Every structure is written in structure tokens, then in C-alpha cells.
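Here the structure comes first, spelled out in C-alpha cells, and everything after it is commentary.
No value in this document is a laboratory result; all are computed from the given coordinates. This one's a predicted model, so the numbers in the text were calculated from it and none came from an experiment. Please note: Cβ atoms are built from the backbone with ideal geometry, for glycine as well, and neighbour counts cover all protein chains shown.
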């Protein structure tokens, strides 16, 4: 911007100055022109005035002559001569050629006139040119007398047109009239000197002279004066004014023939005419034209010659001003530049000073142009272990000190520094003398000498080893946190959070590329059982090994994640775009996984065989959301579990309906439990002597659409949905309430109710308290309450079970072991738990008559019960033959369709009454029947 | 009418009060100069309005007045210096008022006479015409717009001066000049010289200008000026002026020229 100002301002000033100069010059020019013109006009007016004055003088002179004649009334020759002598023409009235008399001679008087003149002594007088004309006006006297041939006297002026016109006009007007341009009568040589004549009429005295006619009648003649124009003009001015030329023309047009006079200069210098003007004079009633021209000399005399001076001084001044302005402006910028230069030098010296001052803290290395260090501060010893001398002596200081791994990164920067560029915050490792690593952060910049020449660059470095270590530690910690957030601690696999992200990516990639992907939901079969039998630590080991095997089974781009206790998810990507092909590819992978997972695991010395259930769903693009895919795979996995585990199933849309149905059922069940819509059916338990001891309470769900739903269908559902506790509570409560009701009916008060208790319920820590609470609330007799446990409850933590049972037993509750013979239980449990009853599973009873094994087992169970002092009851008795067999075997209690189907309480109560009545009546015969 | 009556009364009173000779003082012979200018005075015929007026002045005043002929320029110069006592048909301006006193007896407008081939139909046309040469009589002044035109053209050196009307007519006929300023007394010459055929007239939009007897302040004391003015007023009052003009002009022209409001 200052450059613009530097040039613009002086230019403006120059322009302004030139403008003013021009204005002044122009004004001066105008004034000069005006001056010249007004001087010219003055000269013209002056010339005109002098001519008019001169002619007026001549006229006066002529009038004087005329006066003489007017007084006498005649043209006396001697009088004329004497008069002219007296007025002394020569001295005062130069310009007059001659003064004379013209006589008016009408034709009739011609001869007399000639004769008369001859008589007065004019020798040889004759009117010339000769010839007869109407009238004559000859010159009869002339002073000074002229000699010449032809003689002046007798010259007929009337013959000459110009003269005649003037003679006529003067005669008619009585005034002095000037003629046009004539050649004077005396000029016979042919000189052509322009001349003119002035005529003044003389009339006869005494006659009237008012009108032209009267004047004509009284005309005697004229007096005249003849002039040569040159001499007239000459007599006007003593000298020409410089630069003025004039010309006088007869009439109003400047033609050569009309030219009366021309001043000498006019001929030559017509080219430098500055100004010219014409004026028309009326002299003696006759028109003359005066043409005056001013030349350069006139202009120079009267015009101002200051134009050149103005122009030069003006331009000079403008230039000077502009130069001054420029000098001032540039001076300012120059001063500023100087100041900046001085500041920079000061800053450099400051930097040097500071650098030196820094030398106790920072490492300073100054490099020369050749790439060799030229100065190193003593701190280098502390930093690197090398002394200054050692460093300076090194062949390649940079190469020795800088860590080889960082060298590729640092070398280009050093090169930049050598070329004068600045830089900072370059962090790299150095190797100390003792081999340890030192982290340095350096900045570098160019060095200039006092004249500003680049002489090298300097590096200034700080020790940042500590910071680096801290940074490294921090990084590790950050990584750890990140891991925890996204990875499963046990298996190091991505957790659910990271899986969701990976899955999202996989879907996106699939959408973009068109390739398919697959989601595999892998559930380790019977993992809980393993955990319970072998312990959690073994379980963890298993999971870890499963994780390893899974990771090994997939490609690098695929994801393996742990999403639950024993649930894993595998995301496969980059499958074929064709769904069928993708499915086959996935099946191949799935089979591989299944096989691998089926191999033996070594868990800390224990060999274990495990299987997995796999559910697969294939996806392509954004057709399904993450949650949907997971649900589909999950469903498929459940299906495979249903089919018996160790299988792989693909998600089938048909499964979806199952899910929906299941969900509906679950909702219905929840509602039924909440609103206590479940029913209890009772199946009688009968003894050998046909006594009904009690009933087993069997829960039924009265579904509004599906009708009765058996527990086999909804109890697992309840267990999964977490409803089992509420369900169990309801059942227990209903049973206890029923007991309470029966307790006040004498014929029913002895009945027991057996309630099935699931493993989940029994495992609850507050199970005992709950049962006791229900018993207390309902007012049931605990001795009449029988809790039926399945063998699966005995798998784990027997101590806890025993404790709970004892606690309840103390209150009077009776325990029965259900489905005995088909479960896991170890026989030793039987002696540790306070059981009261064993229930032979129906599967043994069904074939007891045809399968000797079942018969043997049943017998054995009976024997076992006997020896352990446990009651034994057989389930599923459907025929009398079975009953009889069992009776023979020693089993004296039965339950089954043979006696009673599970019915509602009213039906059961009716059955009891009926049964009791019948068998009471036929007590003896009944016994006989049995024996028979 | 009333004014004339009052004027006459005043004159009578003046005369009575003065107890001097009623009329100008004829102690010395006076000089009056005429200039050749159309109907005002023609050298060739030795007749004209001004000549008649001068004769009347001589008769009324009883003084000796010597009439001579000279150029207008000279007349003004001599009036200024006091060498000439009277002249006629002069118009006043600020400069002239310093040395001359006037007694009005007629007024007329000024016109611009231009050749038809000069291309001037109205005054504004001069702006586009730089070949126009205007002819004027030396020392003549005219009405305001005419003066402006003359001054403007003179500054551009487009004015040719002349000592009288004759050369201007000649020059106009020969295309030496393209126009000149004229007054009603110039008209006859236009017809006589056939100038009418080749020319047209452009009006100056100025009011008529008063013309009057010129009296040299240097030569005549104010009291005498008043007497001569009174004499002129008498001539107007009793119709002498009208009579003189009627000899040369038609009656409507006479009315236009001789009827004017005398400025007080």
C-alpha cells in the first residue's frame, strides 16, 4: 500500500501543479490576446481618425480656396495664384499634389471658353481629349504649374468617370467630394501611382443654392485638390508602428485595382499575420477601406511574453513539488525500513544473547554451512554423556547421537535447517554415550551475520524423556480402558458393545459392496451343568478355549464376540452376493466351527467334551436391523437346541411365527399368573387299602383361546420368563388355601396336597421364608403340605438344599422326591436329605408288566425305600394289573388314571366322598378283591 | 396631456422667475454637427430630419448655431471634449452620460439586417455561425441585446467598423459583411440599393431606445442644458417634431417614433 502512496501522491501533486500552470498559462494567453487585440483596435481607430482628420484638413484648405472664389464669384487666375502662395501649401499641407480650378463649360460655351483662356496668356490651350461632347470641365488653373505633355491645363475632367461622379455629386450637394482612384493628369508617364481628387463646387454669387437643381444652375466651376495617396499616408505617420501593415482600397473591396496604398512590410510577411481587420472610411462622401494587419512584431511589442516563463516555471515547480512529495513519502518508508533493519539486528543479537543465556538449560548446537557443528554448549555433557570436545571431534555428530530408528524422520528436517528454514517441536530419541535413550524436543532456525548473510543454523533442544515415559504409560492405561470398555475380560473377545459396532459396519459394507454377511449365534451346550459339576473356574477355562477355537476358525476380517455367559456371536463378512451361495459358505464355516468345538477340551487336567448349538442368519444390506438379526440368529440357535443340541440351524422365517407365538404365550402366562387365572387340578393319591391319602396339585392354565394348557408347555416358558417364582407362589398359596378349607371339613381334613417345586424356586435364598409365610397366611397345616422335588434339584449345592429342607421339615412340611430313577441324583443324597417319600417315575410303571428291567427297578426302588424308611408311591398307574403287581412288590401307594384323572377341586372332593363311601361299604370285599 | 400642460406652466414659471430671456442664452454662436445617416441627414441631398430639427432649433432659440458635417465618432469625441456643443439623435449610456446631456425627441427599435444566405433566422443562430461578419458604425451604440451581440462578435474579431452607412451597404451587397444593425431611418436606402431583396430582418427583443439632442456638458452649463431641453420639449409639445417626422415617414411610423414616455 505504501508503494501506491509513494507513487500516487507525487503524481497527484504533479498533476495538480501542471493543472495550475496550464490554467495560469491559459489565462495569461487570453489576457495577452486581449491586450494585443485592444492595442490593435486602438491602432486601427487611430489610423482611421488620422486619415479622416487629414482629409478634413485638406477639405478645410480647399474651402479656403473656395471661399476666395465664393466671395469674388469669379475664377480669377492671379487671385488664385497669390492666395495659394499665401497659404504656403508646401510646409503645412504635404500630400497635396496640386490645387486647381475646373471650369464648367457647357457645350455651347466651349469655343468662347477656349478663346478666353487663350487670351489670358495660356499658350496652346485646348480641351483634351478632343471631340464634341455635351459638356466639358477642363482644368483651367493649376498650382504649382506643371509642365508636361499633354499639358495639365485643358484636361477635361468631365470625361473621366470617376472624376465626373465626384464633380456631379459635389455640384449637387454643395459639399467637398472625393473622387475614386484616378491617375492624376500630371502622371502621364504611366507610373500608376494611385491618386484621388477632391472637388468643391463654386456657384455664382447671389443665386439660390438650396436645391440640387438650383445649384446646377448656378454652377461656375470647382476648385480641386489632387493627391497622391502614398504621400498622403506618408504625411500621416512619421513612422510605422512596429508590426503593423496597412492597405487602403478605393471602395469596399480589397482588389488589386482598387488598391490605393500599401505599407512596405505588408508585401513580404503575410505569413505571420496575427490579427487583421478592415474598416470602411467615409471621406468626402466617398468610401475607402482600410485593411490593417498586425504581425508578430506587434504581438511581441504589446503581447505579454510571459507565457514561456509561466510554462517553464510552472512545470518546474510542479516537478519539484512532486519530487519533494515523493522524497518525503519514500523517506518515510526508507526510515521505516531502516528502523525495521535495526530492530531485526537488535533481535538477532538478542536471540544470540538469549541463546547463550539458555545454554545452562537447553542443548545448543550451532551448525555451519558445511553441515559440521561449529559450536556446542556445555550442556551436551549432561544430555548425552559426550563432552564438547568429543562431539566436535565426531565425524558425524547427528548420526552418532540420533537413534537410528528416528534418523529417517529427523534427517530431512536437518536438511531443511541447512537451507535456512525454521522448525520446531521435532521429537526424537538420542543415544547417550552409555547407550541409554534420551528423548529430545528440538527447534531450529537460521543464523545470519551482521550483514544479513546466511551463515548456518542452530538447533536448540530440551530433554523430554520423562514426559515421553509418562505419555507411554498413559497410552497403555488408555488402551486398557478401551479394552475394558469394548472387550470381554475373560476371553479378550469383543463384547456386546463392540459387536454391535462391528455388526453395523458389516451391514454397511454389505450394503455398499453387495456381498452378503452372516451372523452365527453359538451357544455352548449344557454349560450350566458344567459350571455346576466342575466348577466355575473350569467353566471359565472352557469359555476361553472356546473363544480361542472360534477365533481360529474365522478369517481376519470376521468378528468373534462373547455376548453372554456361554453365548458367542460370529459375524462373517464378504460372502457371496447370491443368498444361496452365501448360505452354503456360511454352512461350511458353521460346520467347521461345530466340529472344532466338539473336540476334547483339556481343562486344567480334566478332559471335557462339549458341543455347541449354532443359529445362523444370513443378511445382505440393510434389510434387517442389528436387533432383528441377533433375534433371528438367536431363534435359530434355540431351534437347534430344541432339536437336540450340537446342531446348526439356519433362521427360517417360519421360526418367526414361533417366536411371536411364544411371546404371546409368555404374555398370556404373565397375565394369568398376575391375575391368578391358573387352575389347580387334583389327582388323587391312593393307598393299597383304597384310602385316599391326598392329591397331587397340578397346575393348569385355562387359556381363553387354546383351552387347557398343561404345565409341560408353560412351566419351561415360565422358568425362562422369570415367572416361575410367582407361578410357584400362586400354586403353593392355592394349595395351602385349599388345605385350610379342607381342615374344617371332617371328611377331608386328613387329605394332603403335594405341590411340585421347581429347581429355580428351591434355589431361591428366601424359599423357606416364603413357604412359611404362605403357610402362615393361609392357615394351612404344614403337615398336610407335601413338596415334590425333582432329582435335578439335587445336582448342586446339596448342603444348601438340605438346610432348606430341614428348616421346612421343622415346621412339618413333607418332602417327596419326584421322578425317582431317571435323574442325576447320587444315592448318597438320599441319606443326607430329610425326604419322606419317593415317587417311582411313570416310565417304570408303564412297562412294569412287560419289561423285566422296569419291574426289577421298581422292585429295587421299593426295597430302597423300605430300607431308608421312605414311603414309596408309584406314578402313572393306569391298570389294575399294574396296581396289583406293585402291591405285590410292596408298593402300597399309587397315583394314576386308573384311580382318578386330575380334576378340579369340586370333582376331586366328590370323588373322595364317593370313593370313601364305596370302599367303606365294601371294605372286606375290597380286601378279598385285592388278594384275588 | 396634463404633463405637457404642467411642463409648459413650469417653463413659464421658470421663465418668469428667471426674469431673463425666455430661451437659451445666445451669448455666443454654437456649433452643431450632423452625420450622414439615412433619413436623418444625407450628404448627397443635403436634407434630413436632423437638418430640419437643427433649423427649427436655430429659429426657435434665435441663437446662432453653425451646422457642420462630421463622422459620428468625431462628433462624440468633440462633444466629450467640449469642442462641439450639440449634435442630434444621440442615445445615452453610462459612459456618455458622463460628458453629455440629452433632450429626447424620438425613440425607435433596432433591427439586425442580415443577408438571407448568412443562415441567421434568430439571434441564437449566431452561436453556430462563425463566419458571420457584422458591420457597425464606429462609436455607435444600440439597444441592450444589440450591444451584447456587437461586443461578443467584436471580441471574436468578427466586426467590421465603418465611418458611415454607405460603405456598409456596399459591403453587405458584396458579401464583405453578412449583416448590420439598422434603424427605421435606414429603410429607404435599403429599397434604393436593392438590399431588401437579399436580406431579412431579425428583431432584437428590446424596447425602443430614446434618441435626443446631445448637449456637451463641458460646453453648456446645466442651466443652459435645461433651457435647451425645454426648447426641445416645446417642439415636441406643439407637434413640430411630429411634423418634421411626417415629412419622411408614414403616420404609423411617426406615431411609433415620436410617442414615448419621457423618463423623469
What per residue convex hull volume, in Å³, do the alpha-carbon atoms of segment A:658-750 yield?
111
The extension gain from residue A:555 to residue A:72, computed as 0.36 nm times the residue separation minus the Cα-Cα distance, is 157.3 nm
Stokes-Einstein D for segment A:833-897 at 25 °C, 0.890 mPa s, Kirkwood Rh over Cα pairs, in µm²/s?
215
Tail fraction, Cα-Cα pairs, segment A:773-872, threshold 24 Å, whole percent:
28
Provide the three semi-axes, in whole Å and in decreasing order, of the ellipsoid equivalent to segment A:752-815 as defined by the square roots of 5 times the Cα gyration tensor eigenvalues.
19, 12, 10
Between the helical axis of B:49-61 and the dominant principal axis of chain B, each derived from Cα atoms, what acute angle in degrees is found, rounded to the nearest 10?
10
Percentage, to the nearest whole number, of Cα pairs in segment B:111-203 over 23 Å apart
12
Could you check the spin-label model distance between residue A:881 and residue B:253? Points 7 Å from the Cα along Cα→Cβ, value in nm.
17.9
So the FRET efficiency between residue A:904 and residue A:828, C-beta based with R0 = 30 Å and rounded to 0.05, is 0.15
What 222 nm value per residue comes from the helices of chain A, counting each DSSP H run with n ≥ 4 as -39,500 (n - 2.57) and dividing by all residues, nearest 500 deg cm²/dmol?
-16000 deg cm²/dmol
Cα long-axis angle, helix A:767-778 against chain A (0 to 90 degrees, to the nearest 10):
80
Got a sec? Which residues in segment A:423-465 would a label at residue A:337 touch, if it sits 7 Å along Cα→Cβ and we count backbone N under 20 Å?
A:449-454
I'd like the FRET efficiency for residue A:737 and residue A:607, computed as 1/(1 + (r/R0)^6) with the beta carbon distance as r and R0 of 45 Å, rounded to 0.05.
0.30
What nm distance separates the two modelled labels at residue A:427 and residue B:157, each placed 7 Å from Cα along Cα→Cβ?
9.5
per DSSP, antiparallel bridges as share of beta bridges in segment A:695-849, % nearest 5, sits at 15
In nm², the average projected area of the convex hull spanned by the Cα atoms of chain B is 14.1
Label zone at residue A:528, where the point sits 7 Å out along the Cα-to-Cβ direction: segment A:788-806 residues whose backbone N lies under 18 Å
A:789-798, A:800-801
So how far apart, in nm, are the two label points at residue A:315 and residue A:390 if each is 7 Å from Cα heading toward Cβ?
8.1
Measure nothing but the geometry: give the 0 to 90° angle between the long axis through the Cα atoms of A:711-721 and the longest principal axis through the Cα atoms of chain A, rounded to 10°.
50
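Counting alpha carbon pairs within less than 8 Å and at least 6 residues apart, what relative contact order, in whole percent, applies to segment A:602-739?
Rounded, it is 16 percent for segment A:602-739.
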Of all DSSP beta bridges in segment B:111-203, antiparallel share, percent nearest 5:
60
Under the definition of partner shielding as Cβ atoms of other protein chains within 10 Å of a residue Cβ, what is the mean value for peptide B:69-80?
2
The value for the protein assembly as shown (convex hull of the alpha-carbon atoms, volume per residue, Å³) is 513
Take every Cα-Cα pair in segment A:358-462 and report what % of them are more than 23 Å apart.
19
When only alpha-carbon atoms are used, what values of Rg and Dmax, in angstrom, describe segment A:556-698?
22.3, 74
Under Stokes-Einstein, segment B:184-240 at 25 °C and 0.890 mPa s, with its Kirkwood radius over C-alpha pairs, diffuses with a coefficient in µm²/s of 164
Nearest 0.05, what FRET efficiency do residue A:847 and residue A:492 give at R0 = 45 Å with Cβ-Cβ as r?
0.30
If you count the DSSP beta bridges with both ends in chain A, what percent of them are antiparallel, to the nearest 5?
80
